[in-house]
Each structure stands twice: as structure tokens, then as C-alpha cells.
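Novice: Structure incoming, see below.
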Amino acid sequence: MSDSNHDGAGETAHRHEGTIAHDAVTRRDAAVRAAVAQGLVGPEAPLVALLDVTGIRASAAALRAAFDQVSADGSRVLHAFAVKATPLVPVLRLLHDAGIGAEVASPGELALARAAGIPSSNIVLDSPAKTTAELREALTLGIALNADNPQELARIDALVAALPAPSHPAAARPTDLPATDTTLTAGTTGATTGGTADAAAIAATRAPAPVGLRVNPQVGSGAIEALSTATTTSKFGVPLRDAGAREWVVRAFLDRPWLTRLHIHSGSQGVALDLIAEGLAATYDLAEEINAKAGRQQIDTIDIGGGLPVNFGSDEQIPTYAAYARLLAERVPGLFDGRYGLVTEFGRSLLAKHGTVLARVEYAKSAGGRPIAVTHAGVQVAARTVYAPESWPLRIAAYDTEGRPKAGEAVAQDIAGPACFAGDLLARDRELPLLAAGDHVAALDTGAYYFAHHYAYNSLARPAVYGFAADDAGGVRFAVVRPAQTVDEIVAESGGAHTTSLTKGL
């Protein structure tokens, strides 16, 4: 491709992204005005969260298309949404209808995925601290799981040996992934790696669900250390560069013909795409080594995790799934040639740009010459932003009393939350049209890890969440995703049924 053609393609892509961003802003502005007009937000309901259903569907379609474009014909991919990003049943059902499964990391998240109607074949269980009961449930239900460490793999050894083998092994495998021969023989040799059974017994068993092992390629940290999961000392997975670790991993697979997956996740927000690609390349090389030593394609699936960062600086949705998939295909072409099934675990990138926290300004005041808009959106919905504003800044949009974009000269002001500590600020010294009591502020890009991860400081109630989409008349229709938490529910959650347990119950 010539430079001129390449530049033209880039300009076309940029214009396309600009159109998407403009459409998203138009939908958001219409939803804010409709939410005010319909009384979803107001004096009696000063805080609400909104989800753009059209935008969510578009992101799901873009993800699927991006990987389809770089994969060989016949390749199968399971895109499993990281439930922790937005643990709301109607959202999971919407994604399921859009062809997206679920990645879960707790019994609660698994329950949410099942309540949304997601089949076991489209669910993946990950967690660094799974109990034996969780492992047993996943195996029994045919849910794919990734072991985190040697001790967990030893537990799985015992469970696999005790549980009955599936009568139809292929049925226990994700329907979106290629089935492989799961007939096992006791032909492997070497020391046992689990410590719960001898090598022959382990090799002779058959797993009732797909089982993988998470590895840590130890490629380094991104800009936000807390979200970098491939550091030298990360708590996740088997650290491949530690002495003897790679050899242990290879032996673990050779001793267990039913161990058929590798799992890698290098980090999330703040981790460069090149670093993610480096970790994936190392994992692919490991898969190739194991398959070569096994003399067959024992590893049939590579779970590449998620981690695509989100642009919190503007409405533009970059980096795109298409650009990320192309980068991976360039760096690790063998991953997309049809030999391996793929699992992805994107979360933030699917939902963040499609959520808005909308709060009414209760009071407008000033201190030390700086205006302060006191709102009902603070640490309870944006804990990361409040406690780590440098790493998690949020864009704020100003709307007037009727929910229209507010006009006027930009003035530096603080956007404060309701919690009882001075640092409860959504934004500090932010230039916006001067806000007054009765106006509204919108915290943008909050569809993931914000209103769905409530922080119960001051016993502040969880806000209602509504999905929105255009109606046939050009207006906006809303659907309840989660009702607002009531005061009675707060009391019940805080032990209200056990009032005298400490004074009379001991």
C-alpha cells in the first residue's frame, strides 16, 4: 500500500471515529434533557446513571468485527465481557444478545451471568482465590476455568479425578470454540505436579469442562501500577521468568492431557498496547513449545484477556478494537491462523464511553474566591477518581436546569460530592460555564467501574440506572436497569434485622 493510500485510509478512519463520537454526544445530550423532562432526575431524585444502549450494541459489534477481520476463515472466538466492569444483569443480557459471553471472578458474578441467561459454554471463571466449592461448581456446570497457581491446579486434579466425565465431552466446551479430541490415556511420565494423585491417575482422567492455566509473562508495568498484572511480583498467574517456573508449566501440561488452555492478561488502563502484545507473544510461544513437546495440539485455546485502555480525554473512542486486533495479528500472526480458539475478556472498553452519571447541583457557593458546585455525585459513585484523581480524571459536562448544554464563559470551579470529607471532589479547578443551584453536571465515560461499583460512604444510596435509546418519534425512551436503593434497604443491608444482637444476643 502506498503512503498516499495509507494516509487516505487513516483520514477516512479518523472521520468515521469523529462521526461516531458526534452521534454519541447527540444521543447523550438528548438523554440528559429527556431525563430532566421526564423527572428521572430532579429535586426528589438528584442523582441518576444513564446507559446508551445504542452505543453498547455498536461496541459489541465492533469488537466482533475486529477479530473476525484478522482471523482465518473458520476461526472461532468467544468474547467474554468482564462482569466486574458493569455487574448489572440487564447489561449482561444485552451483551449476550449481541453475541458476548461473560468472564466472572466470584460466585456473585457467576450468579449474575446465569441470571442474565448466559449459557455455561459462554462463561469463563477467573480469580486468584477460587475456593474448592467454586472450582467444583464450574466443572460440574461445564464452565471454562483458568487455574491461577500450582496449589489451585492440585485442587482441580482431585476434583477432576472425583467428578464423572461428561457423557458428551464436546458439549462441555464453549460452542464458539473448536472442539478437540478429549479422549485421554495414561501414557505420560514424570513427577506429579499437583501432589493429589500419581501422574498416571492424573493423565487418565477427563475434565468435564475446559481447564486452562494463567501465566504471568512478567513483561512490566503500565502507567497505573495497581492495574498492571504482568509485573515481576504480580499476584496473578504463574510467573514465567522465575527460576524453574517455565519448566514447571510445560511439565504440568504434559502430565495433564486435559489441561488445554493458556490464559494471559497483562493489565488494563494505563498499559501500553505494545506491552500487552509482548505478553501475548510470550504466551503464544509457550503454547507452541508445549504442543511441540506433547506431539499434538494439546493447547487448543488461548485466552488473551482484555485490557484495551479507554480514552478519557475526549468523546473519541480510541484505541479501536480494529487497530488492536491488527496490532496483535502483526505481532503474533500464528494466533489467528485458525489453529487456536481465542477468548477475550474486555470490560472497560465495551462500556465506559456509554455511561453517564447525571447529578443535580444542590447548592452553588464559593470559598477563597473559587466557585464550588455541590452535587450528589461523589466518592460513592467515583471512588477511584476521588481518591486518585491524577490516574482517574473524569470529564464533566455542564447542563442547565432543563437539561440543555449550558452556555456561558468558562469559569474555574470545583465539582463537589456529598460525602463528609474535603477530598470528595469529582473535579478540581475545572473550567466550565458557571454552575448554579438547579443546574446539572454529567460525569462522562462512567459506564464501567463507576455507578456499578458503589462505595457506601455515609450510607449514601445507590443511584437508579436507566438504559436509553431513541424512540420511533425521535424522542428518548428509558428502561430501568436497576432501581434506586431505598433507605429501608440501606437499613436492612446494615444489620437492621439484628438490632439487639450485641446488647441482648450474646
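The values are calculated or read from the model by the stated rules, or taken from the named source; none is laboratory data. Here the structure is a predicted model, which means the values were calculated and not measured. Virtual Cβ from ideal backbone geometry, glycine too; neighbours counted across all protein chains shown.
Yes/no matrix, rows are residues, columns are (1) exposed (fewer than 12 other Cβ atoms within 10 Å of the Cβ); (2) at pLDDT below 95; (3) among the polar types (S, T, N, Q):
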{"site": "S459", "(1), (2), (3)": "no, no, yes"}
{"site": "V465", "(1), (2), (3)": "no, no, no"}
{"site": "V480", "(1), (2), (3)": "no, no, no"}
{"site": "T486", "(1), (2), (3)": "yes, no, yes"}
{"site": "V491", "(1), (2), (3)": "no, no, no"}
{"site": "G495", "(1), (2), (3)": "yes, no, no"}
{"site": "H498", "(1), (2), (3)": "yes, no, no"}
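Novice: Can you find a residue that is modelled with pLDDT of 95 or more, of a type outside the set (K, R) and surrounded by fewer than 23 Cβ atoms within 10 Å (Cβ to Cβ) anywhere in region 352-359?
Specialist: no
Novice: D424: touching a strand residue (DSSP E or B) at 6+ places or on another chain (Cβ under 7 Å) and either under 28 Å from T486 (Cβ atoms) or surrounded by 15 or more Cβ atoms within 10 Å (Cβ to Cβ) (or both), yes or no?
Specialist: yes
The rows are residues; the columns are (1) of a type in the set (S, T, N, Q); (2) touching a helix residue (DSSP H, G or I) at 6+ places or on another chain (Cβ under 9 Å); (3) more than 16 Å from Y363 (Cα to Cα); (4) buried (at least 18 other Cβ atoms within 10 Å of the Cβ).
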{"position": "Y387", "(1), (2), (3), (4)": "no, no, yes, no"}
{"position": "P393", "(1), (2), (3), (4)": "no, yes, yes, no"}
{"position": "A397", "(1), (2), (3), (4)": "no, yes, yes, yes"}
{"position": "G417", "(1), (2), (3), (4)": "no, yes, no, yes"}
{"position": "C420", "(1), (2), (3), (4)": "no, yes, no, no"}
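Novice: Considering only region 89-128, how many residues are assigned to a helix (DSSP H, G or I), farther than 16 Å from I304 by Cα and either outside the structural domain of R155 (by TED's automatic domain parsing) or in contact (Cβ under 8 Å) with a residue 12 or more places away in the chain (or both)?
Specialist: Qualifying residue count for the region: 17.
Novice: Listed residues P433, P418; which is in contact with a strand residue (DSSP E or B) (Cβ under 9 Å, 6 or more places away or on another chain) and within 21 Å of A31 (Cβ to Cβ)?
Specialist: From the options P433, P418, the qualifying one is P433.
Novice: Sort out which residues of region 397-411 are among the small types (G, A, S), touching an Asp or Glu at 6+ places or on another chain (Cβ under 9 Å) and touching a residue at least 24 places away in the same chain (Cβ under 8 Å), and write them in order of number.
Specialist: Listed by number, the residues that qualify are A397, A398, G403, A407.
Novice: When you go through A436, A427, A419, A461 one by one, which is the residue that is touching a residue at least 24 places away in the same chain (Cβ under 8 Å) and either among the basic types (K, R) or in a strand (DSSP E or B) (or both)?
Specialist: From the options A436, A427, A419, A461, the qualifying one is A427.
Novice: Any idea which of (1) in contact with a helix residue (DSSP H, G or I) (Cβ under 7 Å, 6 or more places away or on another chain); (2) farther than 23 Å from F312 by Cβ is the one D472 doesn't satisfy?
Specialist: Failing condition for D472: (1).
Novice: If I ask for residues that are at pLDDT 95 or above, within 21 Å of the chain's Cα centre (by Cα) and of a type in the set (A, V, I, L, M, F, W, C), which ones from region 387-410 would you list?
Specialist: Within region 387-410, L394 is the sole residue that qualifies.
Novice: Can you tell me how many residues in region 440-457 are within 21 Å of V374 (Cα to Cα), crowded, with 16+ Cβ neighbours inside 10 Å and under 22 Å from the mean Cα position of the chain (by Cα)?
Specialist: Number satisfying all stated conditions: 7.
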